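Below is one structure, written out as structure tokens; comments come after it.
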């Protein structure tokens, strides 16, 4: 394990501070783009969940990747959505032969997204988004690649955490609004529903989200209500 | 493809109020990147050298004693693949230090302590925009012809280090 010399690092940071301020979006984009080189893929993208636990596009290495993310965000389904809900790496080796996500399949294939590997990005152990890589041809993703992507997601976590610290030091400091807590509440509520209904995480989350939508309430509110009372709100 | 800045700002807002989720320092995060680089590039060690405020290249960290010895030799002699990498802002791949005329002084310095444990070195620049911040060095204990895949992977990890340094400099400012 390398041990970074804090004094050398501090001096380097002072030098970098002098030569120009950091640009948070470009720093995050660079980490997403680096995944393309690292994994030798066609494209990569980062999605982060909002307070409703719906994934939204944040960064993409190219146009098809952006389209892929927006399609999943709009449809609420896709390999990244599944990776997020299940909190584990999900892959499709050839989308043309994969029936799991009918709403996004044609859009993906039309834009040259054929095989996808998606992994949850976590903060403090809680899934907050996904990182995906894709190829424009069929590919049998193996366990080594899945493990490598999950490990790279740890570095994305580090980048996001550092970006948070940078943002806090900047002008957006007063605008920070939401806590990680609501995600923890949702995770616990999904677990509760899984146990009670003897169902999987995807089904439990769909049930929670449907309950929130039909009652025009936020998912986090419904999750908290469920944990407080043991039942979904009327 | 640019980042959706509004989406990113909103995401950071929504994630941030609870504070740094894991409480790790920037030093620990850089450690994490270097360890990942070592494992994923399949090398015996990695080292990081950074330019300080005075523009002097200094050893920031290395993942094994042999790596630290190499980085220190480069710092002392102002000679070595990492030094040239920073000087030219380009990649320097050395298949065998013992056979390199350019770096004979480094090899001689390392041999003072016995048989050197580092033979092959790959140095990639850590770039912050157009500025060179330092160099990430991948090390092997045996002679090794560096493949394109290894070079690309090392550049990718240097990119992550660059992002962390930029964000760290802003957080500190």
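The values are calculated or read from the model by the stated rules, or taken from the named source; none is laboratory data. Remember, it's a predicted structure, so these values are computed and weren't measured experimentally. Positions of Cβ are generated from backbone atoms using ideal geometry, with glycine treated the same way; all protein chains shown enter the neighbour counts.
Identify, please: which residue in the stretch A:53-68 is within 10 Å of chain B (Cβ to nearest Cβ) and in a loop (DSSP other than H, G, I, E, B) and is, among those, nearest to the chain's Cα centre (by Cα)? Across the stretch A:53-68, the extreme among qualifying residues is A:61. Please determine whether any residue of the stretch A:29-39 is over 12 Å from the mean Cα position of the chain (by Cα) and farther than 28 Å from residue B:171 by Cβ. The answer is yes, given that some residue of the stretch A:29-39 is over 12 Å from the mean Cα position of the chain (by Cα) and farther than 28 Å from residue B:171 by Cβ. Number of residues in the stretch B:53-92 that are facing chain A (nearest Cβ under 8 Å), without any contact (Cβ under 8 Å) to a residue 60 or more places away in the chain, touching a helix residue (DSSP H, G or I) at 6+ places or on another chain (Cβ under 7 Å) and under 17 Å from residue B:128 (Cβ atoms) equals 2.
Of everything in the stretch B:134-153, what is buried (at least 24 other Cβ atoms within 10 Å of the Cβ) and touching a helix residue (DSSP H, G or I) at 6+ places or on another chain (Cβ under 6 Å)? Give them in sequence order. The answer is B:135, B:136, B:137, B:138, B:139, B:153. If you go through the stretch A:130-152 and pick out every residue that is buried (at least 23 other Cβ atoms within 10 Å of the Cβ) and either assigned to a helix (DSSP H, G or I) or at positive phi (or both), you end up with 2. The residues of the stretch B:94-124 that are within 13 Å of residue B:142 (Cα to Cα) and free of Cβ contacts under 8 Å to residues at least 24 places away in the same chain amount to a single one, B:115.
Let's see how each residue does on (1) in contact (Cβ under 8 Å) with a residue 12 or more places away in the chain; (2) under 19 Å from residue A:134 (Cβ atoms):
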position	(1), (2)
A:15	no, no
A:34	no, yes
A:37	no, yes
A:44	yes, yes
A:55	yes, yes
A:66	yes, yes
A:74	no, yes
A:83	yes, yes
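Across the stretch A:1-32, the qualifying residues are those that are at pLDDT 80 or above and more than 7 Å from chain B (Cβ to nearest Cβ), and the one among them that is farthest from residue B:127 (Cα to Cα) is A:7.
Do we find a residue being without any contact (Cβ under 8 Å) to a residue 40 or more places away in the chain, surrounded by 24 or more Cβ atoms within 10 Å (Cβ to Cβ) and touching a helix residue (DSSP H, G or I) at 6+ places or on another chain (Cβ under 9 Å) anywhere in the stretch B:40-52? No, there is no match, as no residue in the stretch B:40-52 is without any contact (Cβ under 8 Å) to a residue 40 or more places away in the chain, surrounded by 24 or more Cβ atoms within 10 Å (Cβ to Cβ) and touching a helix residue (DSSP H, G or I) at 6+ places or on another chain (Cβ under 9 Å). Scanning the stretch B:125-158 for residues that are within 10 Å of another protein chain (Cβ to nearest Cβ), in a helix (DSSP H, G or I) and in contact with a strand residue (DSSP E or B) (Cβ under 8 Å, 6 or more places away or on another chain) yields a total of 5. Scanning the stretch A:34-66 for residues that are out of contact with any helix residue (DSSP H, G or I) (no Cβ under 7 Å at 6 or more places or on another chain) and surrounded by 24 or more Cβ atoms within 10 Å (Cβ to Cβ) yields a total of 1. Within the stretch A:17-28, residues that are surrounded by fewer than 24 Cβ atoms within 10 Å (Cβ to Cβ) reach partners that are part of a helix (DSSP H, G or I) and at pLDDT below 75 with beta carbons closer than 7 Å, at six or more positions or on different chains, in the pairs A:17/B:172; A:25/B:5; A:25/B:8.
Here's the yes/no breakdown for (1) more than 7 Å from chain A (Cβ to nearest Cβ); (2) under 30 Å from residue B:82 (Cα atoms); (3) at pLDDT 60 or above:
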| position | (1), (2), (3) |
| --- | --- |
| B:12 | no, no, no |
| B:26 | no, yes, yes |
| B:33 | no, yes, yes |
| B:44 | yes, yes, yes |
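Assess whether residue B:75 counts as being closer than 26 Å to residue A:157 by Cα and surrounded by fewer than 24 Cβ atoms within 10 Å (Cβ to Cβ). It is false that residue B:75 is closer than 26 Å to residue A:157 by Cα and surrounded by fewer than 24 Cβ atoms within 10 Å (Cβ to Cβ). Of the set (1) at pLDDT below 85; (2) crowded, with 16+ Cβ neighbours inside 10 Å, all apply to residue A:208 but (1).
For the stretch A:174-193, a residue qualifies if it is at pLDDT 55 or above, crowded, with 17+ Cβ neighbours inside 10 Å and at the interface with chain B (Cβ under 10 Å from one of its Cβ atoms), and the qualifying residues are A:182, A:183.
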